[in-house]
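Bear in mind these aren't lab numbers, they're just calculated from the coordinates by the rules spelled out. Model, not experiment: these values are computed from the prediction. Here the Cβ positions follow ideal geometry from the backbone for every residue, glycine too, while neighbour counts run over all protein chains shown.
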Amino acid sequence: MPLVEILKGVRVLDFGRYIAGPFCGALLGDLGADVIRIEKVAGSEDRFTTPVNPGDPDREVGANFLHLN
């Protein structure tokens with residue numbers, strides 16, 4: 001069953017970290033919101049937890065980050 005885009009036209013700034021913030025941003029995006037993730041210049045902390053492919057600089061991002069963003 002497709003989700004109803006009840007938030008179409010709404011812009012959300014996501015300042016969340018780790019699990020709860022990105023998950024909420026994903027839910028709001030599923031409901032049609034335009035979600036913009038705001039991170040530190042060096043990247044959010046959740047980006048670097050549990051690297052998927054350590055040693056490959058292009059793929060050193062965490063599994064949680066990939067799943068939730």
Quick one: if you stick a label point 7 Å off each Cα along the C-beta vector at residue 41 and residue 28, how many nm between them? 2.6
In nm, to one decimal, how far is the residue 5 label point from the residue 49 one, both placed 7 Å along Cα→Cβ? 3.2
For a quick check: with amide H placed at 1.01 Å from N, whose amide H comes under 5 Å from residue 37's, ignoring anything fewer than 5 positions away on the same chain? 14
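So how do 11-17, 31-37 stack up, highest first, on mean other-Cβ count within 10 Å?
31-37, 11-17
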